[in-house]
Ligand SMILES: NC(=O)c1ccc[n+]([C@@H]2O[C@H](COP(=O)([O-])OP(=O)(O)OC[C@H]3O[C@@H](n4cnc5c(N)ncnc54)[C@H](O)[C@@H]3O)[C@@H](O)[C@H]2O)c1
């Protein structure tokens, strides 16, 4: 019994952002069609280390692909020279349960999250958007930019981060992919004229105030993906059309989790899931002036769809190392 092992470099050589946008788009649609299995992620909390890890199983029958991702979030890891988020994915053959592949899921997590953001902006932001604001300028911000770059060219805008070094680095990186993203000295300055606002901080208290969000803006709320995390003033959510990636996960651990728990927001305010928007069952945006929010918690099916594409390509190209299990 052997499994194929794919490192981060292997994954990078096999799939690009455009591929992942396609894979995630189809996974969201399959979910809306009721054709996937995906129980909500399970969390373990390492409070003493300011970290957690999540176990995320999923099955997409149309891809004949099932598996599980194990992923952490440790906000102090940067000080130790490690990424905040790291992941490993195990794919199984649904027909026999045979383990098929072990993949680095760190790059895949960033790519599939960037892909989800791009899909949400494509469906929910004003047509022809150009100005993007990045609140938080770490790893996920970079992949949100790469995702947006696939659907809109000539992006301009601003970025803000509590770390000056991170935001300077992000602004330089943006230039290298054809986007002009200036450094802002406050969140207010960063977002005040944006068409699209991307929040990717690990904040547990709102960083984006209601009064600063311009009319017609679309917000990709990416950072809040565990109970107790929130980036947006609840007043923004009360004013906005809210679309989530998965209702159960969002209520438990998405941007809406804290305001719902505090009784400030009702679950009924959530218009639906992104897959329903893609399938034309509900609208992403209903007017030019509307504020729209995509609440991303990150779905196991995004990982399984992207990993299964990487594995199919690896098999075709003979890439990866065979590991003997027994
Ligand atoms: N929704 C999803 O699918 C998904 C996927 C991956 C990660 N995440 C979440 O996204 C967040 C960011 O992950 P990452 O990998 O980019 O981490 P990262 O550490 O690389 O980047 C986070 C950045 O936010 C900055 N920051 C922290 N507090 C801030 C504040 N109050 N205002 C402005 N900037 C602030 C940090 O300085 C850092 O540069 C985490 O909360 C993570 O759990 C969500």
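To the nearest ten degrees, helix 106-124 and the longest principal axis of the Cα atoms of the chain are 50 degrees apart. Counting only alpha carbon atoms, the long axis of helix 164-176 and the longest principal axis of the chain meet at about 70°.
The alpha carbon centroids of the stretch 150-187 and the stretch 1-36 are separated by 27 Å.
Multiplying the sequence separation of residue 189 and residue 264 by 0.36 nm and subtracting their Cα-Cα distance, what value in nm do you get? Intermediate values should be presented prior to the final figure.
Details: separation 75, 0.36 × 75 = 27.00 nm, distance 2.69 nm.
That pair, residue 189 and residue 264, stretches by 24.3 nm at full extension.
Computed over the stretch 124-298, relative contact order equals 22 percent, with contacts defined as Cα pairs under 8 Å that lie 6+ residues apart. Normalised by residue number, the volume inside the convex hull of the Cα atoms of the stretch 34-79 is 77 Å³ per residue. Each principal axis of the stretch 187-292 carries a Cα extent, and these read 36, 31, 22 Å when sorted largest first.
Between residue 1 and residue 79, the modelled label-to-label distance comes to 4.2 nm, taking each label 7 Å out from Cα in the direction of the beta carbon.
Quick one, what does Rg over Rh come out to for the chain if you take C-alpha atoms and the Kirkwood Rh?
Taking Rg over the Kirkwood Rh, I get 0.95.
Where only DSSP H runs of four or more residues are counted, the chain gives -10500 deg cm²/dmol as its mean residue ellipticity at 222 nm, each run worth -39500 (n - 2.57).
Fewest first, what order do 124, 1 take by the number of other Cβ atoms within 10 Å? Please list the in-between numbers first.
Values: 124 22, 1 8.
Ascending Cβ contact count within 10 Å gives the list 1, 124.
Angle of helix 17-32 to the longest C-alpha principal axis of the chain, folded into 0 to 90 degrees and rounded to 10: 90°. When each of 76, 142, 188 is scored by the number of other beta-carbon atoms lying within 10 Å, the sequence from fewest to most is 76, 188, 142. Exposure proxy shown here: for 103, 299, the number of other Cβ atoms within 10 Å sets the order, fewest to most, as 299, 103. Computed extension gain for residue 315 through residue 204, at 0.36 nm per residue and net of the alpha carbon distance, reaches 35.7 nm. Where both residues lie in the chain, what percent of DSSP beta bridges are antiparallel, nearest 5? Roughly 50 percent of the DSSP beta bridges within the chain come out antiparallel.
No value in this document is a laboratory result; all are computed from the given coordinates. Quantities reported herein were computed from a predicted structural model and do not represent experimental measurements. Methodologically, a virtual Cβ is constructed for each residue, glycine included, from the backbone with ideal geometry; neighbour enumeration extends over all protein chains shown.
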